[in-house]
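This report concerns only the one structure given below.
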Amino acid sequence: SVEESASIIKSRGLISADHEHAAEEQTVDASDEAGDLETDEEALANEEALLEAQEIKNQIDMFVAQSFDRVDQWYQWFKKSQRSPLFADAFLWQGRTPNHTMASGLDDYPRTHVPTAQELHLDLQCWMIFASQLMTDLAVTAQRDPTPYRTDASNFLNRLDLFWSNEAKLYSDVAVVNRESRVIERFTHHHGYVTLFPLLMRLLDVNSPRFKTMLLFISDPNALWTEFGLRSLSASDPFYLQDENYWRGSIWININYMTLAALHSHYLSPQMIHQYADE
């Protein structure tokens, strides 16, 4: 390199002070040119990355626009087929049996023993809130009117209060709705993953006392807490680890991940963690 050559010549007494200074300037110039070239290459790479990202976004937007009508058709069918006959904007899983609610994905998670039209299901209510929020975003991307989906999201969210049991101080499936008065007469007494859905879907206000209650429920070793993850059903439930035992106490990584993701990204700042730990 220029710098090494100048050092050798200098050591042998073959270069004057002026020549030495000129060599140093030449070294600096060469370094600056290399730096400029590296900067230009980085700028070009960044520009290419931005163009590629924009192209990917354009393709996604085009796919959403082309697919929107079919997605909306599915959404409208689901909203109509799973709605409660007793409460507008509330939902129950249709087609379930006394021991299984296969459509929910939580196959043998205990619900009310006898399926009726008088029940409401918390996890489905939360899924419908999520779906309507998602449809709002898709409508914006597809340049459609998002108002109907935004209205659905608001109405479905307002119905979440139906599922709060003042007795248990937890969210629960609704077991019985009076057909005449439309008054909720009884909640289920099964608490587990379904209970967590308002938290998993990030529907709770972090300042709500219900949020703190949910944290206490999660951290209770007599309920869901274990050193290996959260149980699917409370250890104090009479159905705990009974029969097929898919969702009656087994620990599932997907729900544990959703819980951690919600707590980490939406609810708990480091300051809040210390606050709850102190309490």
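Within the stretch 72-82, the set of residues being within 24 Å of the chain's Cα centre (by Cα) and among the charged types (D, E, K, R) comprises Asp72, Lys79.
Of the set (1) part of a loop (DSSP other than H, G, I, E, B); (2) out of contact with any Pro (no Cβ under 7 Å at 6 or more places or on another chain); (3) at negative phi, all apply to His190 but (2). Scanning the stretch 52-77 for residues that are more than 16 Å from Tyr149 (Cα to Cα), open to solvent by less than 80 Å² (accessible area, probe 1.4 Å) and of a type in the set (D, E, K, R) returns a single hit, Asp61.
Are any of the residues in the stretch 191-211 more than 26 Å from Leu134 (Cα to Cα) and in contact with a strand residue (DSSP E or B) (Cβ under 7 Å, 6 or more places away or on another chain)? Checked against the condition, which is being more than 26 Å from Leu134 (Cα to Cα) and in contact with a strand residue (DSSP E or B) (Cβ under 7 Å, 6 or more places away or on another chain), the stretch 191-211 yields at least one hit. Pairing each residue of the stretch 196-213 that is free of Cβ contacts under 8 Å to residues at least 60 places away in the same chain with any residue that is among the acidic types (Asp, Glu) and open to solvent by 10 Å² or more (accessible area, probe 1.4 Å), provided the two are 6+ apart or on different chains, yields C-beta distances under 9 Å for Phe211/Asp205. Candidates Leu203, Leu199, Leu160: the one that is part of a loop (DSSP other than H, G, I, E, B), at pLDDT 95 or above and out of contact with any Pro (no Cβ under 6 Å at 6 or more places or on another chain) is Leu203.
Counting residues in the stretch 113-135 that are assigned to a loop (DSSP other than H, G, I, E, B) and within 19 Å of Tyr240 (Cβ to Cβ) gives one or more. Within the stretch 136-148, being touching a residue at least 40 places away in the same chain (Cβ under 8 Å), assigned to a helix (DSSP H, G or I) and not polar (S, T, N, Q) holds for Leu138, Ala139. Checked against the criterion of being farther than 26 Å from Asn222 by Cα and among the small types (Gly, Ala, Ser), the candidates Ser172, Ser132 yield just one match: Ser132.
Looking at the stretch 128-181, which of its residues are over 16 Å from Pro198 (Cβ atoms), of a type in the set (Asp, Glu) and either more than 21 Å from the chain's Cα centre (by Cα) or open to solvent by 70 Å² or more (accessible area, probe 1.4 Å) (or both)? Selection gives Asp137, Asp145, Glu167, Glu180. Scanning the stretch 213-241 for residues that are out of contact with any helix residue (DSSP H, G or I) (no Cβ under 8 Å at 6 or more places or on another chain), open to solvent by 40 Å² or more (accessible area, probe 1.4 Å) and in a loop (DSSP other than H, G, I, E, B) turns up Ser219, Asp220, Pro221, Asn222, Glu227, Phe228, Ser236, Pro238, Phe239, Tyr240, Leu241. When the residues of the stretch 242-257 are filtered to those that are among the polar types (S, T, N, Q) and under 15 Å from Gly229 (Cβ atoms), the one that is surrounded by the most Cβ atoms within 10 Å (Cβ to Cβ) is Asn256.
The values are calculated or read from the model by the stated rules, or taken from the named source; none is laboratory data. Model, not experiment: these values are computed from the prediction. Here the Cβ is made from the backbone with ideal geometry for all residues, glycine too, and neighbour counts use every protein chain on show. In case anyone asks, the SASA skips ligands and DNA or RNA and just uses the protein heavy atoms, side chains included. Shrake-Rupley method; radii C 1.70, N 1.55, O 1.52, S 1.80 Å.
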